[in-house]
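Worksheet: the structure to be examined is printed underneath.
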Amino acid sequence: MVRGVRIKDHWKEQRLFEQRALLSGAALALLTLTLCVRLYILQVSRFDYYAQLSQGNRVRIEPIPAARGLILDRNGVLMAGGQPAYQLELVREEVPDLNATLKGLVDIGMIASDEVAEVRKAILSRRGFDSVPIRLRMSDEDVARFAVRRFEFPGVDIKTRQTRSYPYGEVGVHALGYVGAISESDLPRIDTAAYAGTTLIGKLGVESSYENELHGTNGYREILVNAEGRSVDKLGAVAPQLHTEAPTAGQDLILSIDMKAQVAAEQALGDRRGAVVALDPTNGDVLALASRPGFDPTLFGRGLTRAEYASLAENSNKPLLNRALRGRYPSGSTIKPVLALIALTDNVITADRKVLCTGEFHLPGSRHMFRADKDEPRGWLDLSEAISRSSDVYFYGLASTMGIDRIAAGLAPFGYGKVTGIDISGELAGLLPTPAWKKASFKRSEEQVWVPGDTVNLGVGQGFLLVTPLQLAHVAAILSQQGRNFRPRLVVGLRDSDGHVRRIAPIEGERVSGITQANWNTVLNAMIGTTSCGHYCGTAWRQFTGSAYTAAGKTGTAQVYTVAQNAKYNASATPETMRDHAWFIAFAPAEAPRIAVAVLVENAGFGAGAAAPVARRVMDAYLLDASGKLKPADAPPEPPPAPGEMLVSQTPGAQPAHP
Amino acid sequence: MLLALKLDGPLLVGLGLIAVYGLIVLYSASGQSLGTVIRQVLHLVMGAAAMLVLAQVNPNFLRRISPWLYAFGIFLLFVVAAIGIVGKGAQRWLDLGILRFQPSEIMKLAVPMMCAWYLQERPLPPSVPSLLLLALIILLPAGLVVIQPDLGTGALILMAGALVVVMAGLQLRIMAALLALGGLAGWLGWHFLHDYQKKRVLTFMDPQTDPLGAGYHIIQSTIAIGSGGVFGKGWMNGSQAQLEFLPERSTDFIFAVIGEEFGLFGLILLLILYGFVVGRALYLSAQTQDTFARLLAGSLALTFFVYVFINAGMVSGLLPVVGVPLPLVSYGGTSMVTLLAGFGILMSLYSHRKLIGS
């Protein structure tokens, strides 16, 4: 190489390069140091923070819903339990062509053509590997129809999930309530964490009031997920310690209901509108609580279509109304035994004083006629006959003599005008009218005055007085126990998942006091007279002929509207919904009562004809054995009819068979 | 024998250790895919072949073809751009039927070769007119790559050329002036940007502001590195990598897999290996005997380090995310062949030094 005069100086350039190489080396070292500091910060200083983030990334907590507790009747008959339901689910990433698949499902009738857009939206809103329900509530027929063509629909499959099932369908629905989708209004009262993994909650009845006990405690499972949230099944060292907490199943409810009596009550009511409440008067157990028409609670658990809900909600027979707790009716003549007890206790009358009954009653100085019905007993009647044969004229006069204050004070201890405190919600208090109530309730001053006629009406359970079937069953129970008073209850025990049963003690209320044994005997014997024939026949003697036990009862006929002064009530000329309601209260066996019943049949006319046979059937079902003999009090339970044998209409809110 | 093959023993050992380390990590990072590892071994074999061949080539030949290689590369970049325009889409690849390759990869070598060729006969440090011409030589291919768009490779080409100029003794005050000028241009340009463009730049600079978009990669990779701790979670036990939280886990973000599974210990070990290779390469370049060889060899050594630093800095959240693979470890054939070809050139320049100019 030639070193010329040119400016290029190789030696100097070599030095320059070496200098630059050293400089670069220093820069490299500096940059590497920066990098190491950064790595130190990440991996040493902030290790805990990032380790936690990494753990949170890969572990997802998935709730395991607890199995809901069963509901059993007093003899262990299953009233509500879990049942697998079938639904169609679709996994998008396994479906080759979503539109074609949906069209195919429409063609074989799995989804309705007007639902396609909605279903599509639901599918696309979820991750591709999620299994999205696209058709709930598949019938066995649907399952079979899809099963034969399953191969045409990759990515679509039938899945089962647990739903609430009620083997007896409509039977007892107003006591049980139902399980339905959690609604906005439920949210404030529940701990949403406890409901993760469930979409259902108890509504109405014991399903609602014992929700906490039935629900149980959710378990959870930690699952390993990848970045997409897809569960991965990588066992081995990548899997951290994954915790699983098993759920604790809800407690089983043991109800006081006797399914045999319950079924009898619902069958006896049939397609008529009405209610039956039967109590064990010795402890308040609700043996039967029926309100017709009913509805199938299973529908709500599996999801109700809009049309199905509308048909229930808008049905004129109001199948959703719990008539036993919320139906408020005039008590009719069922009030007479209670009035008699009050009058006897207050010495307004004596049992053997006779009153001339003419079929009409006028207040002194008034021309207003208080009419009695056409079967009204006439002539001289003592108190017993007036009760057994249900004389209105006798009780018009008696009420008028007693006065409203004494009547109201005497009725209150029997529970009129207040709730019984049954252990399900929704109960209404009825109405015990008083002058003070009337003054407060009406606007116009002339309406606020309590007039003597109001008292007279109260004597036969008409006018402003309103009671619920549950209240009257409670009254019948108090009468049967000569004043002892137990709070009605549906749940008598809780059974936890280990099988331990915790019995709930009956709650005794304040006893109706001050009534002498003689007066009890007088009135209770008069009630026995209602169902039998002696010197005269009681109003319900026909319905209790041939009975294997002695029943005590009282009929009632509640007027829905007031017949004009000079007109006669003519059932066939009155629109059905304006006809009288039929009442019957009873207890049996009279000498040692084990069941007290109240029956109401809406717009059915006389209590004896329409309501008493229902009470008889319920009491027979509870008290008699298979051969028709009275069972001893401690007899072993008998199985109720199987669900399939139910004769009650299975159509929600069906029209009554007879007008 | 190594000398007969014109190879440098220490450098070969360093590269080999990095490659083996990389294969071990790749097996885990690919989700235990043996196929991926085998393909990567094939890439290594191809790269090693390129290195072996280039190590035998006379540096004078390399020197002579430098301008032609550069011109050929520029031509290909224009072809790619034209195809991109016709195909109405981003275009980096040239499909030759049997193989597809990125002309931008040629430029990673052709640009420093061209710069060294241009400077070899000129007095150093380079004069201002020379610098202007060098700027054109570097910015033309870099610009063509950036508009492909491939910002990462464009930046690397720029860096490879600039490092030649730096090694040629570019005055520190000119470097400072250039940096100041760049800063000023950026500051002025900022005010001409639309809001959405500003946002895009800010997200590029600080990905954490967009945790589901651009920030997702960097958040997951810092979690992976950080949760690895000092000794790591163990081979094939990195949950971030194995459960696919970490994107690009076997390619651009494989550095985070090492951090997660082998911890700080594993990363320092890797950096030591890289440091050894770069140090040896710098030493070799200082031993070469003429300007062309020195500048080219020095640039290749430094470029290698720049690759490592940009990738590690990006994965650990120090630098914005640009698509730069981790040398010899990231899965991929193109960068493997280019890098090993570069080392082949370096070995040729060193081992033929007595032939130069004689």
The size of the Cβ-based charge dipole (Lys, Arg +1; Asp, Glu -1) of the stretch B:232-345 about the Cα centre, to the nearest 20 debye, is 240
The set of residues whose placed amide H lies less than 5 Å from the amide H of A:Asp271, leaving out same-chain residues fewer than 5 positions away, is A:Ala657
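Please state the equivalent ellipsoid semi-axes for the protein assembly as shown: what are the square roots of 5 times the Cα gyration tensor eigenvalues, largest first, in whole Å? Show your work: numbers first, answer last.
Numbers: eigenvalues 2034, 138, 121 Å².
So the equivalent ellipsoid measures 101, 26, 25 Å along its semi-axes.
Please work out the FRET efficiency for the pair A:Asp498 and A:Glu245, using the Cβ-Cβ distance as r and a Förster radius of 22 Å; give the result to the nearest 0.05.
0.80
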Quick calc, the protein assembly as shown, dipole around Cα centre from Cβ unit charges on Lys, Arg (+) and Asp, Glu (-), nearest 20 debye, gives 2900
Simple spin-label estimate for A:Tyr49/A:Ala412, 7 Å along Cα→Cβ, in nm, reads 7.1
The extension gain from A:Asn99 to A:Ser513, computed as 0.36 nm times the residue separation minus the Cα-Cα distance, is 141.4 nm
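Only counting other Cβ atoms within 10 Å, I'd like A:Leu411, A:Leu187, B:Leu300, B:Leu318 sorted with the fewest neighbours first.
Values: A:Leu411 23, A:Leu187 11, B:Leu300 29, B:Leu318 17.
If I rank by nearby Cβ atoms, fewest first, I get A:Leu187, B:Leu318, A:Leu411, B:Leu300.
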Length gained, A:Leu23-A:Phe442, 0.36 nm per residue minus C-alpha separation, equals 140.5 nm
Given backbone amide H placed at 1.01 Å from N, residues whose amide H is under 5 Å from that of A:Lys203, ignoring those fewer than 5 places away on the same chain, are A:Tyr178, A:Val179, A:Gly180, A:Ser208
Expressed as a whole-number percentage, the relative contact order of chain A with C-alpha contacts under 8 angstrom and at least six residues apart is 15
Residue-normalised 222 nm signal for chain A, counting each DSSP H run of n ≥ 4 as -39,500 (n - 2.57), nearest 500 deg cm²/dmol, is -9000 deg cm²/dmol
XL table A:Lys354/A:Lys418; A:Lys418/A:Lys439; A:Lys336/A:Lys631; A:Lys318/A:Lys418; A:Lys418/A:Lys443; A:Lys554/A:Lys629; Cα-Cα > 22 Å flagged, in table order, is A:Lys354/A:Lys418; A:Lys336/A:Lys631; A:Lys318/A:Lys418; A:Lys418/A:Lys443; A:Lys554/A:Lys629
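Work out the length of the dipole vector of the stretch B:9-351 about its Cα centre, built from +1 on the beta-carbon of each Lys and Arg and -1 on the beta-carbon of each Asp and Glu, and round it to the nearest 20 debye.
Details: 16 positive and 13 negative charges, 107 e Å.
Dipole size: approximately 520 debye.
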Rounded to the nearest 10 degrees, the helix A:392-402 long axis (Cα) sits at an angle to the longest Cα principal axis of chain A of 80
Out of B:Ile83, B:Pro123, B:Val146 - ranked by how far each Cα lies towards the positive end of the dipole of the stretch B:9-351, with unit charges on the beta-carbon of charged residues - the top one is B:Pro123
Most fluctuating of B:Pro67, B:Pro123, B:Pro103 in the GNM of chain B (C-alpha, under 10 Å) is B:Pro123
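Per residue and in Å³, how big is the convex hull formed by the alpha-carbon atoms of chain B?
Values: hull volume 54.5 nm³, N = 358.
Cα convex hull per residue, to the nearest whole number: 152 Å³.
Between B:Trp68 and B:Arg353, what is 0.36 nm times their sequence separation minus the Cα-Cα distance? Round to one decimal in nm.
On the way: separation 285, 0.36 × 285 = 102.60 nm, distance 2.28 nm.
Residue separation times 0.36 nm, minus the Cα-Cα distance, leaves 100.3 nm.
Mind checking A:23-31 for the average number of partner chain beta-carbons within 10 Å of each residue's beta-carbon?
Numbers: counts 3, 10, 8, 0, 3, 11, 2, 0, 7.
Per residue, the average neighbour count from other chains is 5.
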Between the residues B:Val57, A:Leu411, B:Leu26, the Cα farthest towards the positive end of the dipole of the protein assembly as shown, that dipole coming from +1 and -1 charges on the beta-carbon of Lys, Arg, Asp and Glu, is from B:Val57
Note on chain B: helices (DSSP H) long enough, at least 18 Å by alpha carbon along their axis, and hydrophobic enough, mean Kyte-Doolittle at least 1.0, are B:9-29, B:34-56, B:59-86, B:128-146, B:151-167, B:172-190, B:254-287, B:291-315, B:334-351
Of all trypsin sites (Lys or Arg not before Pro) in the stretch A:280-381, the ones in DSSP coil with at most 14 other Cβ atoms within 10 Å are A:Arg353, A:Lys354, A:Arg367, A:Lys374, A:Arg378
Under the helix-only model (-39500 (n - 2.57) for each DSSP H run of 4 or more, divided by the residues of chain B), the mean residue ellipticity at 222 nm, to 500 deg cm²/dmol, is -24000 deg cm²/dmol
Applied in sequence order to the stretch A:140-151, the curve 6.51 cos²θ - 1.76 cosθ + 1.60 (Karplus, θ = phi - 60°) yields integer Hz couplings, x standing for Gly and Pro, of 4, 5, 4, 4, 5, 5, 6, 4, 6, 10, 3, 4
Along the stretch A:154-168, Karplus-curve 3J(HN,Hα) (6.51, -1.76, 1.60; θ = phi - 60°) to the nearest Hz, with x for Gly and Pro, reads x, x, 10, 8, 8, 10, 10, 9, 7, 10, 6, 10, 10, x, 8
Phi-derived 3J(HN,Hα) across the stretch A:532-543 with the Karplus relation (6.51, -1.76, 1.60, θ = phi - 60°), rounded Hz, x for Gly and Pro, is 8, 10, x, 5, 9, 9, x, 5, 10, 5, 4, 5
When the charge dipole of the protein assembly as shown is computed with +1 on Lys and Arg Cβ and -1 on Asp and Glu Cβ about the Cα centre, the Cα farthest towards its positive end, among A:Gln43, A:Pro96, A:Met259, belongs to A:Gln43
The relative contact order of the stretch B:9-351, taking Cα pairs under 8 Å that sit 6 or more residues apart, comes to a percentage of 28
Plugging the Cβ-Cβ distance of A:Glu115 and A:Asp157 into 1/(1 + (r/R0)^6) at R0 = 30 Å yields, to the nearest 0.05, a FRET efficiency of 0.95
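How well do other chains shield peptide A:49-58, expressed as the mean number of their Cβ atoms within 10 Å of each residue Cβ? Mind showing how you got there, number by number?
Working: counts 3, 10, 6, 3, 9, 13, 3, 1, 9, 5.
Going residue by residue through A:49-58 and averaging, the value is 6.
When ranked by the protection proxy of mean other Cβ atoms within 10 Å per residue, highest first, what sequence do the peptides A:83-93, B:221-231 form? Numbers along the way, then the final one.
Numbers: A:83-93: 17.4, B:221-231: 25.5.
For the peptides A:83-93, B:221-231, the packing ranking is B:221-231, A:83-93.
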Ranked from fewest to most other Cβ atoms within 10 Å of their own Cβ, A:Leu428, A:Leu383, A:Leu30 fall in the order A:Leu30, A:Leu428, A:Leu383
Counting other chain Cβ atoms within 10 Å of each Cβ in B:255-265 and taking the mean gives 2
With R₀ set to 30 angstrom, the calculated FRET efficiency between the beta-carbons of A:Asp346 and A:Leu428, to the nearest 0.05, is 0.55
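Bear in mind these aren't lab numbers, they're just calculated from the coordinates by the rules spelled out. Bear in mind that the values here come from a model prediction, so they are computed numbers and not experimental data. In this analysis, Cβ positions are derived from the backbone assuming ideal geometry, glycine residues included, and neighbour counts consider all displayed protein chains.
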